[in-house]
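This report refers to the structure that appears directly beneath it.
The values are calculated or read from the model by the stated rules, or taken from the named source; none is laboratory data. All values reported here derive from a predicted model rather than from experimental measurement. Every residue, glycine as well, gets a Cβ built from its backbone with ideal geometry; the counts of neighbours run over all protein chains shown. Accessible surface areas use protein heavy atoms only, side chains included; no ligands, DNA or RNA. Shrake-Rupley method; radii C 1.70, N 1.55, O 1.52, S 1.80 Å.
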Amino acid sequence: MNNNETKTICLALMKADSEADIISLLTDSGYWKDESAWRLYGDNDNNFSIIGAQQSSPDAALVEKFVNSIDHRLINECLVRGMNPEGPEAPQSIREAVANFFEDNPKPDSNAGRVASWLDKKRTEVARGITLAATGFTPKVGRPCLTISDCGEGQTPDMVPFTLMSLMTGKGNKVRIPFVQGKFNMGSTGVLQFCGRNNLQLIVTRRNPALVADGSSSDRQWSFTVVRREDHGGRSTQFTYLAPLESRTKTRKGEVLRFNADTMPIFPVGRDAYRKEAEWGTLIKVYEYAAASGIYSNTHILRKDGLLGRLNLLLPDPALPVRLHECRPEFRGHEGSFENTLTGLAVRLEDDRGENLENGFPTSCPISVEGQSMVATIYGFKKGKADTYRKNEGIIFVVNGQTHGYLEKVFFTRKSVGRLNYIADSILVMMDCTHIAGRMREDLFKNSRDRLSRHDIRFAVEDKLEEMLKQHQGLHDLKERRRNEEIQSRLEDEKPLEEVLRTLLQRAPTLAALFLKGPRATNPFKTADVRGKEKEFHGKQHPTFFKFKGKDYGKELCRECHINQRCRVVFETDAINDYFSRNTDPGEFALYILSGTHRVPVSDYVGPNLHNGVATLTVQLPINCEVGDGLQFEAVVNDPTLLDPFTNRFSIDVKEAAETQQPGTKGVRKPPSDETGDDREGASGITLPKPIPVYEGDWDKYDPPFDRHTALRIKIDEEPQAENGGQTHDVYDFFINMDNLFFKTELKSAGDEIDLVSARWKYALILVGLAMLHDEAKKTKVREEGRKEEENGQTIEARVEHFTRALAPVLLPMIDSLGALEIEALSAVASGEAT
């Protein structure tokens with residue numbers, strides 16, 4: 001096969017958009033059925049054990065391609081400047097590399113090396129060096145093909161087996177390069193399992209000529225290969241790649257195809273996927289690529305439910321932007337609707353803050369776990385806005401701009417978090433873990449970088465997150481406001497229903513035993529007068545004070561703390577809410593325990609948790625402290641614009657252990673008394689519900705909206721219980737769909753009994769819901785079991801809604817039919833005599 005024929009095959013493979021076309025091309029060329037022409041991926045006959053253990057979803061796997069492209073662009077810029085990427089003269093971080101190579105800033109400040117600080121024109125210009133083009137099938141026909149191209153350093157034909165086609169070892173290992181993200185040399189192989197039936201992938205590459213020594217003619221050639229998955233009937237399959245050159249003499253060690261060409265059209269222009277010529281770089285095409293069911297679809301990649309939104313979440317703060325092109329001709333629209341720049345979630349939220357975020361957000365909070373520092377950024381979305389940016393994610397863990405794992409939003413409904421049920425769909429927390437040590441990173445995340453481990457460190461981090469969210473006044477104010485909006489106007493209208501329910505419970509001892517008896521809170525919300533007195537906070541970019549609340553700066557604070565509890569310290573400041581997490585000139589917090597003249601960093605704390613001028617710090621007492629100890633601490637806030645930091649000293653006197661609640665709960669709890677009466681708290685009881693009718697005109701006001709099949713939805717909240725030492729207990733708001741399809745069908749034949757049928761509908765749903773809540777309350781769950789349930793996404797609220805949705809068609813007919821049966825008829829049915 002001559003040079004032109006080889007190039008022609010390469011171009012045909014690039015432009016083919018189905019597995020069938022690829023197989024046909026390779027069959028006609030004599031390669032598909034020639035086993036000797038295919039080399040084992042990584043030269044490992046058990047390579048599926050590595051490739052099959054990569055990312056568990058197609059979106060996370062695809063992100064690895066972009067991470068590699070970004071790495072290769074940075075490496076190329078380093079090499080063309082004559083630097084050794086592993087040497088001391090090379091940048092020592094990703095941000096430093098971006099500042100050096102794309103901003104010409106050898107001494108970057110806190111704002112350097114961040115896409116967020118670039119103008120749109122610069123973002124687009126740089127993004128054209130890494131592109132994704134969608135071609136092939138639309139969802140109605142099949143799966144699309146995705147082509148990722150970059151102008152990185154590229155590879156020579158002889159380097160391909162040891163770089164792009166290597167696994168675990170080889171010259172492709174970047175572990176000693178400090179300014180790249182990829183470390184494990186998996187070759188971003190996670191995508192392969194999501195490519196069609198034969199798992200086909202095309203790679204085309206050429207080394208940057210400026211990096212090739214004179215006289216090395218073969219090193220200046222373009223090369224290409226196709227990866228496929230082979231099934232030989234053994235216990236596992238194998239991945240191989242096309243390497244037919246010299247394969248007759250080198251068994252399973254052939255070389256990849258290559259050809260001479262000054263340029264190749266590996267980049268898209270507009271809707272033409274292969275138009276812009278390049279002198280070097282790498283193109284990778286995945287054929288018939290899967291979508292992540294329920295997360296994003298294979299529709300137009302720039303639409304709300306398309307690929308772009310998902311990539312923004314998984315690359316929330318990429319080192320370099322990426323340009324996405326929708327090239328499938330079936331999609332229609334104006335010219336500007338077919339390409340856009342991937343800049344990441346953090347940039348999008350910063351650019352669109354006023355349109356999407358509640359006032360006062362984002363806020364920030366430093367966290368230290370076992371001496372490793374992280375910073376949380378908390379986003380509170382306006383109602384209905386969060387789904388534009390994420391699906392089921394609640395807390396995402398980010399390293400160097402890439403999401404490495406997440407906790408689902410059901411995390412916010414935990415009692416230990418403060419029952420943020422009313423705003424769980426409106427919160428997103430971004431945990432920046434970039435600066436944690438390598439060992440902790442390995443323990444916290446799986447090597448696939450798409451999920452959290454089950455290591456103890458993960459649960460230690462969760463514990464700190466619970467504390468942070470529990471103490472975040474802004475979130476609890478938002479929760480209160482949302483709950484107020486949903487139910488306050490309807491509570492008074494439903495007083496008669498509540499009284500009837502209370503009477504029903506008094507007549508039925510079995511039902512009455514399910515509940516906490518006590519007066520219902522008459523108004524769970526702040527009054528209008530109180531809300532009106534709350535002033536809007538206007539923070540400063542750089543604080544002029546940071547001191548203990550209610551004390552002059554420099555005054556020491558003295559606190560007492562039980563040895564089995566955490567100590568809370570409250571500061572006041574005029575810093576803006578995202579002071580500790582913003583991209584530009586963020587503040588830095590450090591906490592030390594004083595021992596003589598020495599300062600020892602405190603390893604476990606949460607905060608300062610900033611919100612509207614108040615900053616809460618929660619300190620875990622040292623594990624080796626004893627009752628009677630007096631501990632001295634120093635809290636330091638460094639601001640890049642100030643010569644001297646804000647320094648605040650406080651002391652903690654360690655007291656004897658406080659009486660605690662049952663395992664897994666927090667705070668002091670008084671045991672129930674032996675006396676009977678309405679105010680006594682039962683061991684497994686729950687409070688009377690707050691029934692709230694919902695009509696069709698209001699369906700869309702709920703998130704998610706009600707529909708004609710929804711029957712009952714509950715939401716759990718907390719209310720203070722003053723008679724129990726200021727502790728809280730769960731309360732349940734019951735939202736009953738009064739325009740349910742099956743309920744309205746029954747009403748049509750109700751005649752004069754409309755009120756009776758309506759009452760049956762309400763009471764039956766409430767009792768079903770209460771029974772399920774009671775069953776949940778009886779379960780003794782250790783913490784790990786609770787987490788397992790949450791990860792499966794099955795909260796009690798979701799189970800109640802799904803069950804009552806299924807029960808709705810038969811609920812009223814069942815009540816009516818059973819109520820009409822007489823003893824004689826029941827006996828006849830039981831004995832089989834009825835006809």
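When the C-alpha to C-alpha distance is required to be over 32 Å, the pairs from Lys65/Lys140; Lys276/Lys446; Lys701/Lys762 that qualify are Lys276/Lys446.
Between Lys250 and Thr27, what is the FRET efficiency for a Förster distance of 22 Å, r being their Cβ-Cβ separation, to the nearest 0.05? Could the numbers behind the result be given before it?
Details: r = 23 Å, r/R0 = 1.05.
Calculated transfer efficiency: 0.45.
Rounded to the nearest 10 square angstrom, Arg414 shows an accessible area of 20 square angstrom against a 1.4 Å probe. Of Cys625, Cys558, the residue with the largest accessible area leads and the full order is Cys558, Cys625 (1.4 Å probe). Computed from label points 7 Å out along Cα-Cβ, the spacing between Arg481 and Lys15 is 5.7 nm. Among Lys385/Lys470; Lys304/Lys415; Lys385/Lys415; Lys391/Lys470, which pairs are too far apart, with a Cα-Cα distance over 28 Å? Exceeds cut-off: Lys304/Lys415. Protection proxy ranking for 472-483, 415-426, 691-702, 32-43, using the average of other Cβ atoms within 10 Å per residue and placing the highest first: 415-426, 472-483, 32-43, 691-702.
What number comes out for accessible area per residue over the stretch 225-333 if the probe is 1.4 Å? Units Å², please. Intermediate results must be reported in sequence, preceding the final value.
On the way: 4330 Å² over 109 residues.
For the stretch 225-333, the solvent-accessible area averages 40 Å² per residue.
Listed by chain and number, the aspartates and glutamates whose C-alpha is less than 18 Å from the C-alpha of Lys748, apart from same-chain residues fewer than 8 away, are Glu696, Asp739, Asp816. Residue-wise HN-Hα couplings along the stretch 552-565, as the Karplus relation 6.51 cos²θ - 1.76 cosθ + 1.60 with θ = phi - 60° gives them from phi, are 6, 4, x, 7, 7, 9, 10, 10, 10, 8, 5, 5, 9, 10 Hz; Gly and Pro carry x. Short-range pairs are left out: with C-alpha atoms under 8 Å and at least six residues apart, the relative contact order of the stretch 18-100 is 10 percent. A straight Cα-to-Cα reach below 15 Å connects Lys655 with the aspartates and glutamates Glu560, Glu626, Asp629, residues fewer than 8 places away in its own chain not being considered.
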